[in-house]
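The values are calculated or read from the model by the stated rules, or taken from the named source; none is laboratory data. Predicted model only: the values in this text are computed from it and were never measured. FYI the Cβ positions are ideal-geometry reconstructions off the backbone, even for glycines, and counts take in every protein chain you see. In case anyone asks, the SASA skips ligands and DNA or RNA and just uses the protein heavy atoms, side chains included. Shrake-Rupley method; radii C 1.70, N 1.55, O 1.52, S 1.80 Å.
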Amino acid sequence: MIADHWPSRTLRIGPASFHLRSPFRRVIDEVNALYRDYPAATNDGIYDYAVNAVPSSPLRRWIKPNLRLECDFEPFDTLPLPVELGMLGLEMGMNLQMAVGYRRHVVVHAASSAEGGKAALLIGDSGAGKSTLSALLAYREGWRHLGDEFALLDLHAPLLHPFPRPISLKNASISTMEARAPTDRFGPVLEGTVKGTIRHLLPPAAAIDAMQTPAEIALVVAPHFRENAAPAWRPMTRTETYVRLAASSTNQALMGEAGFEAVWRCLAHAPAFDIIYGSSDDALELFETLWRKVTA
Amino acid sequence: MRPVDDLTLVYHRPSGMTHVVSPAVVAILDLLHEQTLDIGEVCGALAQHHDLDGEGDDIARVVGARLDEMAAMDIIDRIA
Amino acid sequence: MTPPAILHRALAAPESMRGLSADDWNALIRVGRAERLLGTVAARAAPLWEALPEGALTCLAEERDLTRGDHLAAGWEINRAALALKNVGCPVILMKGSAYLHTGLAAAEGRRIGDLDILVPRAALPAVEAALLAHGWIQAKENAYDDHYYRTWMHELPPMVHKERGGVIDVHHTILPLTARLKPDAGALIESRVAVADGLFVLGPAEMLLHSAAHVAYDGEFEGGTRNLWDIHCLASDFARIEGFWDGLAAAAEQHQLRTPLSRALRLARRLYGTDVPETLAGRMDIVDRLALRKLHGRDRFGHQGAKLSDRLLYIRGHWLRMPPLMLAQHLARKALRRKAQAQPV
C-alpha cells in the first residue's frame, strides 16, 4: 500500500508532470535538491504520471532497506534497488512513463539544444556522445538546453519541445563537465549503477524557465566520439535519417499517420549529418561549423 | 507516400506501418490502387505507361519479384 | 467513496465527472490506468469534454490516443488472421475485445485491446496452427512445461506471436480450461455463431455474454474484474433490446453449466454499474460476491491493490475452480519458483 503521509514531490518538466512518492525521506530530499529549479505544482493540481519508490517488501522498509518502482505504466518487473540509488530509480520510472505512456508528441531517444529560435537534434546510440555534446552546449554561451534523454517532436509543425531534465553524465564525461559548469549545478556522485558512475548536471536556470517554449528544428546530427579521432563529417541520406529516427522513437510506430507525418516533417525540414571527433573542443567546433552552414 | 532521395516512404493506413520502397514498387502500387490485376495485366500496364521495351520475360521476372516483396510487406494481398 | 468507486461512477454516470476535485481526478486516473479502463472513461467523457479541467483532459486525450493505436493494430491483426485462415475450412470466431471491435459494439468504445482471441472447432486446431505458422506466426512460449500445460489442460493452443508485427493470437477451442469442473458445450457455442465482416464470425449474443461472465468468475482473484464487469454491463445493455434475449440467455446458461457464474457476474455488474438485470436471473448476493466486492474496491488512490487475506482466498478459489487439487498444488509451486527468475535488471 502507498501511504498518503509518505514524503512526495510533484514535478513539472516541459509539457509533462509527475508525482513522485517514497517512504524513504532521503530519496525525496535528493529529488528536491536536484530538481530545486522546477515547478512543484501543476495549474489545476492534476498531474500526469505517478511514480512511487516503495519498499520491496514490508520488512525491507526497516531492515536492509531497498525499494522497487510502482508506476502508472509498468511494462515489466524491476529488480530491487538500494535506497542510495532511489532517486535514480524514480528517474528511471519517469523515463518509463514517457517511453510507454506519453502520446502528446513523438518521443525520440535523443538530445536537443537550441540557439535563437532554432534547434538541433542529436541522435545516436547510448554512449555515442550525444549526452556529452548536449551538456557541452548547455553551458555554452548562446545555447539553450532542451533535453538530453528525450526529444519531443510536435505533431503539427516542425518544432521540438523542451524536456530539460537534469543531464545524466556518465563516467569520463563527468570530469569533462566539472571543468566547465558551476559546482552547485551538480548532484551527488552515484557509483555502482548498471551504467557505471553517474552524476547529474542541472541545466542552467534559464533553460528551465524557458521549458514551455519550443524551437524550430533546423539540424539533425549523429555524434560519434572516438578517442583521438580526427574530426570528420558526412551528410546522411534522408532514408537513413528516417530509419534512424523511427528506430530511436519509443512511440512513433504506435501513433499512426500523425507519427509518420511528424518524422517526415523533421526530415523535410532539417538536413542531417554524421559527425566523428576525438575531443570536446573538436566536437563543439565541428558542430558549430555545421550549425552555421545550415542556419546561415 | 513521401519521396526521399531515390526511394519512397509509404505509410500504409490499414496497418499503420511505414515501408521504404523502390520506384518500381511505387509504380505497381499506383496501378493496384483500389483494383485487382493479375501479373500479366500489371506487366502490360507498366510497359505501356513507362514505355518499357525489351523482353516480356524480363519485365515479368522483375515484376514477379517486386510483387513477392510487396506481399511479404503485407501492402498487397495475393488472392489466387 | 473508495477510489475505485470514483471510476465505477465515472463509467456508469459520466456526468459525475463534472464535480470531481483535483484529488478525485488524480485517483480516477491512477485507478483507471491500473484497471485498463481510462480509455473507456475518455470515451464516456466525450459529451462533457469542454467542462473538464485541463489536467484531466491531457490524460484522457492521451489515453484516447493509446486506445486508437490499439484499435488500429487490433483491426490489422484481425484482417491478417482472416487472410491466413481463409482456406482452413472451419469457422473462425472472434472473441472478447476483437469481437466487440469488429462488430462495432458499445463495449469496444475506448477499450484497450491486446491479444487476438479466436475460437475454432477442436478438430480444426492442427490445421489452424499449421496455417498460422505458414503465415508468419511462431510459438511464443519456449518453455516445455508451459507448452505441455497449455496443450494438455487449457482451452487453447500455446499463444503464438507474429514474427514481424509482434501481435499475439490465442486460439481457443472452448471457453473454459479442460480441467474446470464446469463443461460448456463447445459445439453449441460454435453453432451459435453470427457472421460478421471479412468471412469471420462472433458468438451469438447470449454466448458472448456468457463467455464474458465465465471470465469474471474464473480469472484468478477476480483479476481484471472491473473491466470484465464493464464488458458485461455494455453487452447486457446492448442485447437487452433483442426480443426474448433474457430467456435465451437463461437457457444457454443452463446448457453450458454457467448459470452460477452468469448470475454472479450480473449481480456484480448491477452493483458496480447499475446494469438493468431481471431479478430471476440475478439471484442473491453470497459470500463470494462480498469477497469480490472487497477486491473490486481494494485499490488505493495510487491505483495499487493491497494484498489482503480476502484476496488470497479469492486467488485460491479462482485456481480451485480451474484445476483439480493435486494439480493446483504442483502448479502453484512451479509459479512460486519461477517468479524470481522473471524480474529484470534495471
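Kindly establish whether C:TRP76 is aromatic (Phe, Trp, Tyr) and under 30 Å from C:ASP170 (Cβ atoms). Lay out the reasoning, then the answer.
Values: aromatic (Phe, Trp, Tyr): yes; under 30 Å from C:ASP170 (Cβ atoms): yes.
It is true that C:TRP76 is aromatic (Phe, Trp, Tyr) and under 30 Å from C:ASP170 (Cβ atoms).
Suppose the filter is polar (S, T, N, Q), over 20 Å from the mean Cα position of the chain (by Cα) and open to solvent by 30 Å² or more (accessible area, probe 1.4 Å); does C:THR260 pass it? Steps first, answer last, please.
Working: polar (S, T, N, Q): yes; over 20 Å from the mean Cα position of the chain (by Cα): no; open to solvent by 30 Å² or more (accessible area, probe 1.4 Å): yes.
In short, no.
If I ask for residues that are in a loop (DSSP other than H, G, I, E, B) and touching a His at 6+ places or on another chain (Cβ under 9 Å), which ones from the stretch A:43-66 would you list? Explain how you work it out, then say what you get.
We begin by selecting, within the stretch A:43-66, every residue in a loop (DSSP other than H, G, I, E, B); these are A:43-48, A:56-57, A:62-65.
The answer is A:TYR47, A:ASP48.
I need a count of the residues in the stretch A:30-81 that are over 26 Å from C:ARG33 (Cα atoms) and at pLDDT below 80.
Summing the residues that are over 26 Å from C:ARG33 (Cα atoms) and at pLDDT below 80 in the stretch A:30-81 gives 6.
What residue, among those in the stretch C:14-68 that are farther than 19 Å from C:PRO4 by Cβ, open to solvent by less than 20 Å² (accessible area, probe 1.4 Å) and under 25 Å from the mean Cα position of the chain (by Cα), is farthest from the other protein chains (Cβ to nearest Cβ)?
Step by step, filter the stretch C:14-68, then rank; the result is C:THR67.
Would it be correct to say that B:LEU29 is more than 13 Å from the chain's Cα centre (by Cα) and open to solvent by less than 40 Å² (accessible area, probe 1.4 Å)?
Details: more than 13 Å from the chain's Cα centre (by Cα): no; open to solvent by less than 40 Å² (accessible area, probe 1.4 Å): yes.
No: the conditions fail for B:LEU29.
Hey, among A:VAL221, A:VAL294, which residue is touching a helix residue (DSSP H, G or I) at 6+ places or on another chain (Cβ under 9 Å) and either in contact (Cβ under 8 Å) with a residue 60 or more places away in the chain or of a type outside the set (Lys, Arg) (or both)?
Numbers: A:VAL294 fails: touching a helix residue (DSSP H, G or I) at 6+ places or on another chain (Cβ under 9 Å).
Going through A:VAL221, A:VAL294 in turn, just one is touching a helix residue (DSSP H, G or I) at 6+ places or on another chain (Cβ under 9 Å) and either in contact (Cβ under 8 Å) with a residue 60 or more places away in the chain or of a type outside the set (Lys, Arg) (or both): A:VAL221.
So C:ASP311 passes all but one of these: (1) modelled with pLDDT of 90 or more; (2) of a type in the set (D, E, K, R); (3) in contact with a strand residue (DSSP E or B) (Cβ under 9 Å, 6 or more places away or on another chain). Which condition number does it fail?
(1)
Restricting to the stretch B:32-45, what's the tally of residues that are open to solvent by less than 50 Å² (accessible area, probe 1.4 Å) and closer than 18 Å to B:PRO14 by Cβ?
Count: 1.
If you check every pair at least six apart or on different chains, which have Cβ atoms under 8 Å apart with a residue in the stretch C:1-24 that is touching a residue at least 40 places away in the same chain (Cβ under 8 Å) and in a helix (DSSP H, G or I) first and a residue that is small (Gly, Ala, Ser) and open to solvent by 20 Å² or more (accessible area, probe 1.4 Å) second?
Going by the 8 Å Cβ cut-off, the qualifying pairs are C:ALA12/C:GLY274; C:ASP23/A:GLY45.
For residues that are open to solvent by less than 30 Å² (accessible area, probe 1.4 Å) and in contact with a His (Cβ under 8 Å, 6 or more places away or on another chain), tally how many sit in the stretch C:85-123.
Total satisfying the criteria: 8.
Is there any pair linking a residue in the stretch A:67-81 that is assigned to a loop (DSSP other than H, G, I, E, B) to one that is of a type in the set (Lys, Arg) and modelled with pLDDT of 80 or more, with Cβ under 8 Å and at least six apart or on different chains, and which?
Final answer for the pair search is A:ASP72/C:ARG30; A:ASP72/C:ARG33; A:PHE73/C:ARG33; A:ASP77/A:ARG68; A:LEU79/A:ARG68; A:PRO80/A:ARG68.
Residues that are modelled with pLDDT under 85 and not acidic (Asp, Glu): list the helices (runs of 4 or more DSSP H) wholly contained in chain B that include at least 2 such residues. Before the answer, list the steps.
Details: elements: B:23-32, B:39-49, B:56-72.
Counting at least 2 such residues, we get B:39-49, B:56-72.
Look at C:THR2 and say whether it is of a type in the set (S, T, N, Q) and either surrounded by fewer than 19 Cβ atoms within 10 Å (Cβ to Cβ) or within 18 Å of A:TYR47 (Cα to Cα) (or both). Steps first, please.
On the way: of a type in the set (S, T, N, Q): yes; either surrounded by fewer than 19 Cβ atoms within 10 Å (Cβ to Cβ) or within 18 Å of A:TYR47 (Cα to Cα) (or both): yes.
In short, yes.
State all residues of the stretch A:39-75 that are open to solvent by less than 60 Å² (accessible area, probe 1.4 Å) and aromatic (Phe, Trp, Tyr); if no residue qualifies, say none.
A:TYR47, A:TYR49, A:PHE73
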